[in-house]
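Structure first, then comments.
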Amino acid sequence: MNVINLHEPVWKGLQARRAQMPHALLLLGQRGLGKFDLARQFAASLLCEQPQGDGRACGHCLACNWYGQGNHPDFRLLQPEAFADEAEAEEGKKKASQQITIDQVRGLDEFLNVGTHRGGLRIVIVNPTEAMNRATANALLKTLEEPAPSTLFLMVSSDPIRLLPTIRSRCQVVPVPLPSAARAEQVLAEHGVADAGRWLALAGGAPGLALEWSASGQSDWLEALTRRLAAGRAVEPLVLAGELEKAVKDSKGRLPLKAVVDGLQKWLVDLMLASNGLAVRYFLPQAATIAGLAAMIPPARLLQSYRTTVARRREAEQPLNARLFLEGLFLDYRALFAKDSR
Ligand SMILES: [Zn+2]
């Protein structure tokens, strides 16, 4: 996504800081805005040896080449292992951590204690900043309190409530607001997204999320799914299964059954987040509804249902009968709201 055009005011603000760079910047905003991409572009811009007029990296100097290949000696990316290869982690081939580990933070020591290779800045991106437990965050805090010279930490977060206040107070906050609808639609259109306005509405205005959703090519099924799941106990599993089976059939392969299971899985993730008092990740416009539903479901039942759905995602590759498969999925969803405890 062209995040520089998307967030032009934020980009200009970042460029204006070049002359007097603080030790740590915290890019803060809701999920799906492209904050991580923005941080990467800014890091590239700072490392580039011949940045363009608007500050963009040139893309062909030595520094840009290194950065593009992921081996610039003055750059480090701190992110959970699971982010590095999401597909592999999901298949359970290895138990990749969903958290940034304390060893990763300690691993920065050497990097921070030698001089910079190109005589410019040394940059560390931390994404997402909330993916650290207290011990790890405290280890990072030590580094932030006694910053090595010419070092910039670019921290990214969508969930400021989960950040240690001490971490937050060491950073200069850069708010990343929702871009205007017109700008977001224009950037999505450049990415070949037809009907960008509709996808944006589904994604609560977040263009990154709209791009992700639009990969399935159709929004009708997603609207039907969210509308019906939002009914909670009053969901009509058989009707919903019928609608979605038709959508899958009519899509002629563009909407795989797996994508429908994905949609339900994301809805369950949001229910679990809401159940823990956290912000939803996917269904932003339905956040209030989801919080209301989550309050009606025993947390243990919710977790069990999520695990079952993950297992079913594999079945969805080759179900014997798509209709029965979907009916089973949504009957289970309705059972979440059953009054009797089982
Ligand atoms: Zn360059």
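Observations on the model:
- Single residue of the stretch 45-62 satisfying the filter (of a type in the set (A, V, I, L, M) and out of contact with any strand residue (DSSP E or B) (no Cβ under 9 Å at 6 or more places or on another chain)) that is nearest to Asp159 (Cα to Cα): Ala57
- Test for Glu317: is it part of a helix (DSSP H, G or I) and surrounded by fewer than 18 Cβ atoms within 10 Å (Cβ to Cβ): no
- Failed criterion for Ala295 (all others in (1) surrounded by 16 or more Cβ atoms within 10 Å (Cβ to Cβ); (2) at pLDDT 90 or above hold): (1)
- The set of residues from the stretch 8-24 being in a helix (DSSP H, G or I) and either within 25 Å of the chain's Cα centre (by Cα) or touching a residue at least 60 places away in the same chain (Cβ under 8 Å) (or both) comprises Glu8, Pro9, Val10, Trp11, Lys12, Gly13, Leu14, Gln15.
- In the stretch 50-64, the count of residues that are at pLDDT below 95, more than 16 Å from the ligand (Cβ to nearest atom) and part of a loop (DSSP other than H, G, I, E, B) is zero.
- Qualifying residue in the stretch 18-37 (condition: of a type outside the set (A, V, I, L, M, F, W, C) and within 15 Å of the ligand (Cβ to nearest atom)): yes
The rows are residues; the columns are (1) of a type outside the set (Val, Ile, Thr); (2) within 25 Å of Arg31 (Cα to Cα).
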{"position": "Gln265", "(1), (2)": "yes, yes"}
{"position": "Leu278", "(1), (2)": "yes, yes"}
{"position": "Ile290", "(1), (2)": "no, yes"}
{"position": "Gly328", "(1), (2)": "yes, no"}
{"position": "Asp332", "(1), (2)": "yes, no"}
{"position": "Lys339", "(1), (2)": "yes, no"}
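- Long-range neighbours under 6 Å by Cβ, at least six apart or interchain, first residue assigned to a helix (DSSP H, G or I) within the stretch 124-147, second surrounded by 19 or more Cβ atoms within 10 Å (Cβ to Cβ) and of a type in the set (D, E, K, R): Leu144/Arg170
- Among residues of the stretch 66-87 that are closer than 20 Å to Thr136 by Cα and surrounded by fewer than 18 Cβ atoms within 10 Å (Cβ to Cβ), those with a beta-carbon under 8 Å from a residue that is of a type in the set (A, V, I, L, M, F, W, C) and modelled with pLDDT under 90 at least six positions away or on a different chain give the pairs Glu81/Ala89; Glu81/Ala96; Ala82/Ala89; Ala82/Ala96; Ala84/Ala96.
- Test result for Ala89, within 30 Å of Arg312 (Cα to Cα), among the small types (Gly, Ala, Ser), at pLDDT below 95 and part of a loop (DSSP other than H, G, I, E, B): no
- Selected residue (only one of Pro80, Pro9, Pro22 is at pLDDT below 95 and over 20 Å from Leu209 (Cβ atoms)): Pro22
- Residue list for the stretch 189-207, filter: under 18 Å from the mean Cα position of the chain (by Cα), farther than 13 Å from Met1 by Cβ and not in a helix (DSSP H, G or I): Gly204, Gly205
The values are calculated or read from the model by the stated rules, or taken from the named source; none is laboratory data. On a predicted model such as this, the values are computed, not experimentally measured, just so you know. Every residue, glycine as well, gets a Cβ built from its backbone with ideal geometry; the counts of neighbours run over all protein chains shown.
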